[in-house]
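One structure below.
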Amino acid sequence: HPVTPNISLRTDVDAVVFLSKFGYLPQTDLASRELRNETQLRDAIRQMQRFAGIKETGELDEGTIALMKRRRCGMPDLIGSSERIKR
Amino acid sequence: YAIQGQKWSKNLLTWSINDWPEGANTSMIREQLAKAFHIWSEVSKLEFQEVQATDADIGISFFRGYHGDGYPFDGKGLVLAHAFFPGDGLGGDTHFDGEELWIRGQPSSDSEGVDLFSVAAHEFGHSLGLAHSSVIDSLMFPYYQPIGDDLRLPYDDAVGVQQLYGARKLPKWEPLPPGTIPTTQHTTTNLYETTTYVEDGSHLTPPPDDENLVPSTRPPRPLAPDACNSSIDALSIIRRELFIFKGKYFWRLNSKEMNNSDSSPPPPPLAIDRFWYNLPADLDRVDAVYVRPLDDKIVFFLGNRFWLFNANIPEPGYPRPLTDLGLPANLQHVDAALVWGHNGKTYLFTGQQYWRFDEVEGRVELDYPRSIIMWRGVPAGIDAALQWEDGKTYFFKDEYFWTFDDKRMKTDAQGPKLISSFWFGCS
């Protein structure tokens, strides 16, 4: 059943787009965001926080949103997802 | 550092600027890009040559918005550039967002702009085959961090590019400047001395007996194992590369290089904790490792616990006890883990026993353990097991390995062979 995540994604940064674009969520699911469950999103956020070396909260806190707004390279962060870009 | 998997098969790479930004200061751009290439060639065997041709290995373009490669730019801010990993066509090409204001150096407090050198140096790392690094001070860290005009490649990036293309030879011992009194801690201006470790492995030779030569700054001598005189703890193929673990170290070998009879000696091993974060700080060995066939995640066994990694990123919730896999509570460790291509099942070995593991259920199957005698010819207490890309199954113990015939269910009649000669190319 579709699950609407409780986690607030309504910020001025589209967190799901960010997490998908940079390899923390599968890109194929972009069209069905409501199917993501909260655990999946929190894990993705936590993984992104760990990679960037900031506190792992699993939340879209101030530091995480600030990081998502930082200028960066357009390539994904994870090895597996980076393989997708070459295709 | 993280290697994506593809690399150039030559050391001289050409580059050209194919599409310029509006109102470009062409000399500034060419100068900054050349400087960005230089920091990679300075520490590796690579050389770069600018050409006026559209078929250069690394084509450089400044584009706006949608530009036909499926990765549109987003205007000023956020995404600054992207690059393609080595290969034909788009491979190696680097695209900068043409809507950014590209400048030389850092903007002053009352001006804006993005330092082209900083961004280009990072993107060229991708063009050479490096993926993003989670080491914050590294150049391949994904978030833009202004770097000084005189940047030299950070250690993490230098080791990464040298792993792919080899290290440029640097003098390890330098003559004293005239009039200097010899000391044992003379510091040279060569910031890349650490890279000589990559070229020479653990075999840093003692200084020559010459009072006019003094040692330059170098890292502590690592107690790394010798590939040509060593057993192994564990091994697995992870994203097309062979990872072999021994003690606190691992080797990362490209299969094409392994199959090349002219290949150079094995590269030096790297410290496990420099790549696989979150394993115990006092780790002295990995017992077993395998890649889960369902999701390509990597399982490490250490003692009576196991860890799960996605690439080299640790998954939350680990380590977990072996009992979570249905293994007995008195089991203190796993000798080896094998995903057997013959039936796609995962097998866990310890001593004289083995279990078949159901990846879907997440538990070992009911009528196990069984005796290792079922694998005729394989000794008890193996160190590691692997299904290699030649389709054969290999078992490892001490300095030897056994080739297993999956159809006849017994080891090769030729008996065990030396690990060092086949897997590391030692003579």
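Assorted remarks:
- Selection status of B:SER371, among the polar types (S, T, N, Q), in contact with a helix residue (DSSP H, G or I) (Cβ under 9 Å, 6 or more places away or on another chain) and surrounded by fewer than 18 Cβ atoms within 10 Å (Cβ to Cβ): no
- Residues considered: B:SER134, B:SER138, B:SER109, B:SER127. Of these, the only one that is more than 10 Å from chain A (Cβ to nearest Cβ), within 26 Å of A:PHE51 (Cα to Cα) and in a loop (DSSP other than H, G, I, E, B) is B:SER138.
- Selection count where residues are part of a loop (DSSP other than H, G, I, E, B) and among the polar types (S, T, N, Q), scope the stretch B:1-36: 5
- Verdict on B:GLY105 being surrounded by fewer than 24 Cβ atoms within 10 Å (Cβ to Cβ), in contact with a Phe, Trp or Tyr (Cβ under 6 Å, 6 or more places away or on another chain), within 27 Å of B:LEU13 (Cα to Cα) and not acidic (Asp, Glu): no
- Candidates are the residues of the stretch B:368-390 that are β-branched (Val, Ile, Thr) and assigned to a loop (DSSP other than H, G, I, E, B); the one that is nearest to B:TRP402 (Cα to Cα) is B:VAL378.
- Residues located in the stretch B:81-101, provided they are of a type in the set (A, V, I, L, M, F, W, C), facing another protein chain (nearest Cβ under 9 Å) and in a loop (DSSP other than H, G, I, E, B): B:PHE84, B:PHE85, B:LEU90
- Residues satisfying the stated conditions in the stretch B:25-61, i.e. acidic (Asp, Glu) and under 15 Å from B:THR94 (Cα atoms): B:GLU50, B:ASP55, B:ASP57
- Where B:LYS297 falls short, out of the listed (1) of a type in the set (Lys, Arg); (2) free of Cβ contacts under 8 Å to residues at least 24 places away in the same chain; (3) farther than 16 Å from B:GLY362 by Cα: (3)
- Among the residues listed as B:GLY70, B:GLY77, the single one being more than 20 Å from B:LEU101 (Cβ to Cβ) and either within 14 Å of chain A (Cβ to nearest Cβ) or free of Cβ contacts under 8 Å to residues at least 40 places away in the same chain (or both): B:GLY70
- A count restricted to the stretch B:58-72 and to residues that are within 29 Å of the chain's Cα centre (by Cα), buried (at least 17 other Cβ atoms within 10 Å of the Cβ) and not hydroxyl-bearing (Ser, Thr, Tyr) stands at 3.
- From the options B:LEU322, B:LEU308, residue that is aliphatic (A, V, I, L, M) and away from chain A (no Cβ under 13 Å): B:LEU322
- Single residue of B:TYR318, B:TYR347 found to be assigned to a loop (DSSP other than H, G, I, E, B) and hydroxyl-bearing (Ser, Thr, Tyr): B:TYR318
Values quoted throughout were computed directly from the atomic coordinates according to the rules given, and no laboratory measurement underlies them. This structure is a prediction, so every number in the text was calculated from the model and none was measured. Note: ideal-geometry Cβ built from the backbone for every residue, glycine included; neighbour counts use all protein chains shown.
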